[in-house]
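What follows draws every value from the coordinates through simple rules; no lab data is involved. Not measured: the values here are computed from a predicted model. Counting neighbours? That spans all protein chains shown, and the Cβs are built from the backbone with ideal geometry, glycine included.
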Amino acid sequence: MTHAVPRVDAMKPSKPGPTRTAPPRPPDKFPGGGRYPAYLAFGACGAFLMISASLLTRGIWALGNGEAAWDAYRAGLGHPAYLVYHVAAFLGLTWFVLRLFRLFPATQPYRIGPLKRPPDAVLVAGLYGLFFTVLAVGTLFLGGAML
Amino acid sequence: MSEVKKTIVVTRFDPDKDEVPKTQSYEIPVQDDWKVLEALNYIKDNVDPTLSHRWSCRMAVCGSCGMNVNGEPKLTCKDPISSYGDTIEVAPLANFPVVRDLVVELEGFMDKFKAVKPWIIAAKERAAEEGTHRQSPDELADFKSFSMCINCMLCYSACPVVSNEPDFLGPAALALGHRYNQDSRDEGADERNEIFRDEGGIFSCSYANECTEVCPKGVNPSGAIQQAKLNNVVDWAKSFVVPRRKSS
């Protein structure tokens with residue numbers, strides 16, 4: 001659990017030195033300033049990922065249990081609480097992928113397997129292409145257009 | 001060169017007298033081509049010789065002069081004073097115990113540094129008659145950016161995980177370990193990956209990316225850690241198919 005007060009043993013040496021030291025301070029702008037709110041929001045979006053993954057698992061289970069189970073699952077998704085959740089999850093996951101896709105190219109190694117990494121623009125275009133494809137397929141599937 | 005007055009608010013701490021750090025303001029004339037370090041040196045030389053701060057090369061190579069300037073970890077020899085307003089707050093690096101004024105305790109950092117075995121590990125010593133170890137430009141490029149670290153510790157100061165997980169090895173140490181794992185001359189990846197996967201290793205990183213944002217040398221420690229995570233997951237998955245080699 002992250003909190004604004006650092007542990008006094010942060011970066012403490014294994015053997016105490018000869019001089020008394022003042023305890024460490026937390027990063028000055030943590031948690032509300034600078035780039036930290038974006039990081040915390042990014043982490044908080046993990047809740048949407050977890051809940052959405054559970055819903056998806058339930059959908060797959062329903063799909064394997066016959067038409068009645070699948071129709072009941074889809075009808076359940078039309079409940080107002082689910083609709084509110086879907087809007088929040090869509091906004092949260094969109095925010096999540098925007099940040100992830102911005103950071104992703106910098107995490108790629110110089111070579112990916114035997115090939116040199118493609119230019120950042122190609123990587124980002126590929127990621128957005130994948131995101132919109134999954135979004136479109138998911139929407140069509142849950143909307144009943146693909147079954 | 002134009003000269004203006006600026007107020008430098010410096011954190012002071014004397015371990016013999018002070019219970020907690022306090023601040024002290026100095027109004028000094030500064031030239032607009034100065035770096036923040038030059039303002040501190042001016043104070044030390046002309047106003048208050050008791051001020052303690054670390055510096056050496058003045059050209060962003062030695063990594064000694066890292067401090068928090070207006071709340072952001074900066075290499076003060078590289079940080080133009082003209083980019084700030086009339087008042088500049090200079091504090092010791094966050095997340096480190098403070099020895100005196102702007103000087104922080106380095107031993108904790110050195111302990112973490114050594115933990116990742118930042119040296120070439122070879123299964124056997126190379127005989128002199130075998131000649132030099134050849135490395136292609138592509139093999140060098142696999143790790144070169146990670147070897148540019150100057151150990152300035154700005155990444156530790158910015159990292160929110162370092163504040164809260166004392167065991168976390170931290171950005172620079174993990175990036176350096178990954179640098180050796182990527183080196184074609186090295187055979188110690190299995191040993192280092194065990195350390196990486198342990199408590200306080202790569203999976204403690206929650207990808208705040210602050211280390212990469214503040215790095216003055218473009219090392220990208222968070223990129224190194226994410227690559228190391230992927231390598232370790234692939235290594236773990238492979239272990240179900242191919243028996244893992246025993247570490248030497």
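Things to note:
- B:S82/B:M59 FRET efficiency (R0 22 Å; Cβ-Cβ; nearest 0.05): 0.75
- Contour minus Cα-Cα distance for B:W236 and B:E199 (0.36 nm per residue): 11.7 nm
- If you run the Gaussian network model on chain B, springs between alpha carbon atoms under 10 Å, then out of B:S83, B:S147, B:S52 the most flexible one is B:S83.
- Highest average first, the peptides B:24-31, B:221-228, A:17-24 ordered by how many other beta carbon atoms sit within 10 Å of their residues are B:221-228, A:17-24, B:24-31.
- Under conditions of 10 °C and 1.306 mPa s, the protein assembly as shown yields 66 µm² s⁻¹ as its translational diffusion coefficient, taking Rh as the Kirkwood radius over Cα pairs in the Stokes-Einstein equation.
- Extension gain, A:T19 to A:L63, is 9.2 nm, computed as 0.36 nm per intervening residue step minus the present C-alpha separation.
- Degrees, to the nearest 10: A:120-142 long Cα axis against longest axis of chain A: 40 degrees
- Label-point separation in nm, A:A72 to B:E187, each point 7 Å along Cα→Cβ: 6.2 nm
- Contact order normalised by residue count of segment B:107-238, Cα under 8 Å, 6+ apart, percent: 32 percent
- In this structure the amide hydrogen of B:K6, modeled in the peptide plane, comes within under 5 Å of the amide hydrogens of B:I28, B:V30, none closer than 5 places in sequence on its chain.
- Cα centroid separation, segment B:206-234 to segment B:68-116 (Å): 20 Å
- On full extension, the segment bounded by A:Q108 and A:V8 gains 32.5 nm, given 0.36 nm per residue less the C-alpha separation.
- Spin-label pair A:A53-B:T132: with each label point 7 Å from Cα along the Cα-Cβ axis, the two points sit 4.9 nm from one another.
- The alpha carbon centroids of segment B:125-187 and segment B:1-60 are separated by 33 Å.
- From phi via Karplus (6.51, -1.76, 1.60), per-residue ³J(HN,Hα) for segment A:56-72 in Hz, x at Gly/Pro: 5, 4, 5, x, 5, 4, 5, 4, x, 10, x, 5, 5, 5, 5, 5, 5
- Qualifying aspartates and glutamates (Cα of each under 17 Å from Cα of B:K238; at least 8 residues distant if same chain): B:D190, B:E191, B:E194
- Springs between Cα atoms under 10 Å define the GNM used for chain A, and in it the highest mean-square fluctuation of A:L55, A:L115, A:L100 occurs at A:L115.
- Footprinting exposure proxy for B:T212, B:T11, A:T57, B:T132 (fewest neighbouring C-beta atoms within 10 Å first): B:T132, A:T57, B:T11, B:T212
- Taking chain B as a whole, the Cys residues whose C-beta sits 4.7 Å or farther from every other Cys C-beta are B:C65, B:C77, B:C149, B:C152, B:C159, B:C205, B:C215.
- Considering helices alone, the calculated mean residue ellipticity of the protein assembly as shown at 222 nm is -12500 deg cm²/dmol, with DSSP H runs of length four and up weighted by -39500 (n - 2.57) and normalised per residue.
- GNM remark for chain B: springs join alpha carbons under 10 Å apart, and the peak mean-square fluctuation among B:N193, B:N231, B:N164 falls on B:N164.
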